[in-house]
Amino acid sequence: MLDTVALPEFTAYSYQVLVLALAAITARVLPVSVKYHPIFFFALVTFRLGEKVNPDPNRNSSQLVISGLLGLMSAIAPLLLIVWLFIPLVEFPLFVDWLILWLCLTDQTNWKAQLKVKDALDKQQKLLARDRLSDTVLRDVSKLSPMGIAKASIESMLLHSAYQYFAIVFWYLLLGPLFVLFYRLLAVLQQSWNIKLPAFKHFSKSINFVFTLISYLPVRLFAWSILLFRAPFKSLFKMGKTLRQFDKQYHCGSFCLFYAMSLSLKRQLAGPVFYGEHKINRPRIGDFPPPEAADIQHCRRIIKETAMIWWIVIVISLVVIMISA
């Protein structure tokens with residue numbers, strides 16, 4: 001994947017870290033507008049495709065699961081094949097790595113959206129805050145109070161950072177750009193054909209299973225990183241037991257993130273949510289006061305500090321590899 005023949009004698013991992021750093025900086029400084037972003041165009045296409053491949057949610061559940069798996073392959077496989085065939089034709093494949101990472105690291109868009117939600121809450125413009133929040137979440141926000149808006153905004157920022165930044169960094173360093181592209185497109189499918197929506201309850205089972213499986217390790221590493229310097233050491237051990245209980249009862253990998261951020265912010269997160277008329281009774285996490293608008297900014301600061309921890313670990317690993325090479 002990484003062609004380093006014409007470049008100085010550094011390890012492939014060195015070039016991966018360099019490309020990743022450049023892509024992360026570019027994604028921060030020059031984020032692609034949603035109107036022109038290929039990922040969001042793919043999201044629009046898959047949303048329309050879902051109406052075609054899942055026209056009758058009342059079909060036999062096993063048929064819906066098979067249809068969902070076929071929909072997954074038909075949506076992602078052609079794009080991956082095109083990129084895989086294109087890479088050998090490029091004289092400088094590292095540019096393709098950078099381009100894929102730049103387009104896949106889209107958490108900056110959500111950060112900006114949540115800060116607009118905070119600004120609206122600060123000005124006590126509840127309707128405007130709901131409207132801005134609705135652009136970034138799937139849940140029904142029409143009845144949310146200012147506290148509920150702040151909580152949903154924090155959770156959205158946390159989830160987007162986990163799945164659209166930290167997981168991408170993790171999988172790029174381990175398995176390279178093609179797997180990152182697969183993962184990012186899968187995340188779009190998982191959101192467009194969300195299993196929480198009644199129409200996709202069975203259709204998206206295979207998609208949700210694959211996405212949850214791939215996300216399991218990086219998401220938990222992110223959660224542990226959040227707690228690393230912000231919670232009592234015993235909380236790190238308690239977290240493992242608590243997460244096993246959550247996973248067994250609710251089958252939701254995001255609870256580890258809510259648990260870690262709740263302890264860090266000293267604010268209560270999660271709780272019941274509505275998706276249209278469908279209510280999901282999630283447990284409330286944290287014996288703390290509910291969040292306020294200011295906690296949205298605090299959440300962003302914690303995420304940025306956690307990203308710094310990851311980058312320090314990456315740089316240290318790079319130095320160790322270069323010394324031992």
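The values are calculated or read from the model by the stated rules, or taken from the named source; none is laboratory data. None of the values given here were measured: they were computed from a predicted structure. As a convention, Cβ positions derive from the backbone with ideal geometry for all residues, glycine included, and neighbour counts pool all protein chains shown.
Okay, here's what the table says:
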{"quantity": "Residue match in segment 232-248 (condition: more than 18 Å from residue 182 (Cβ to Cβ), modelled with pLDDT of 65 or more and surrounded by 20 or more Cβ atoms within 10 Å (Cβ to Cβ))", "calculated": "no"}
{"quantity": "Selection count where residues are outside any loop (DSSP other than H, G, I, E, B), among the hydrophobic types (A, V, I, L, M, F, W, C) and crowded, with 21+ Cβ neighbours inside 10 Å, scope segment 135-166", "calculated": "8"}
{"quantity": "Only listed residue being surrounded by 20 or more Cβ atoms within 10 Å (Cβ to Cβ), at pLDDT 90 or above, of a type in the set (Phe, Trp, Tyr) and farther than 24 Å from residue 309 by Cβ, chosen from 200, 182, 211, 222", "calculated": "211"}
{"quantity": "Residue list for segment 167-179, filter: surrounded by fewer than 24 Cβ atoms within 10 Å (Cβ to Cβ), in a helix (DSSP H, G or I) and not aliphatic (A, V, I, L, M)", "calculated": "170, 171, 179"}
{"quantity": "Filter result (of a type outside the set (A, V, I, L, M), surrounded by fewer than 21 Cβ atoms within 10 Å (Cβ to Cβ) and over 10 Å from residue 146 (Cα atoms)) within segment 123-134", "calculated": "123, 131, 134"}
{"quantity": "Flag for residue 182 being of a type in the set (Phe, Trp, Tyr) and more than 15 Å from the chain's Cα centre (by Cα)", "calculated": "no"}
{"quantity": "Condition broken by residue 290, with the remaining ones in (1) touching a Lys or Arg at 6+ places or on another chain (Cβ under 8 Å); (2) closer than 23 Å to residue 182 by Cβ; (3) modelled with pLDDT of 90 or more satisfied", "calculated": "(2)"}
{"quantity": "Counted residues, segment 112-122 - those being out of contact with any Leu (no Cβ under 6 Å at 6 or more places or on another chain) and either buried (at least 22 other Cβ atoms within 10 Å of the Cβ) or small (Gly, Ala, Ser) (or both)", "calculated": "4"}
{"quantity": "Subset of segment 180-220 that is assigned to a helix (DSSP H, G or I) and among the aromatic types (Phe, Trp, Tyr) - its residue that is nearest to residue 106 (Cα to Cα)", "calculated": "183"}
{"quantity": "Selection status of residue 287, charged (D, E, K, R), over 30 Å from residue 13 (Cβ atoms) and touching a Leu at 6+ places or on another chain (Cβ under 6 Å)", "calculated": "no"}
{"quantity": "Filter result (within 18 Å of the chain's Cα centre (by Cα) and more than 11 Å from residue 155 (Cβ to Cβ)) within segment 256-295", "calculated": "256, 259, 260"}
{"quantity": "Residue in segment 303-313 that is farthest from residue 153 (Cα to Cα), counting only those that are surrounded by 18 or more Cβ atoms within 10 Å (Cβ to Cβ) and β-branched (Val, Ile, Thr)", "calculated": "306"}
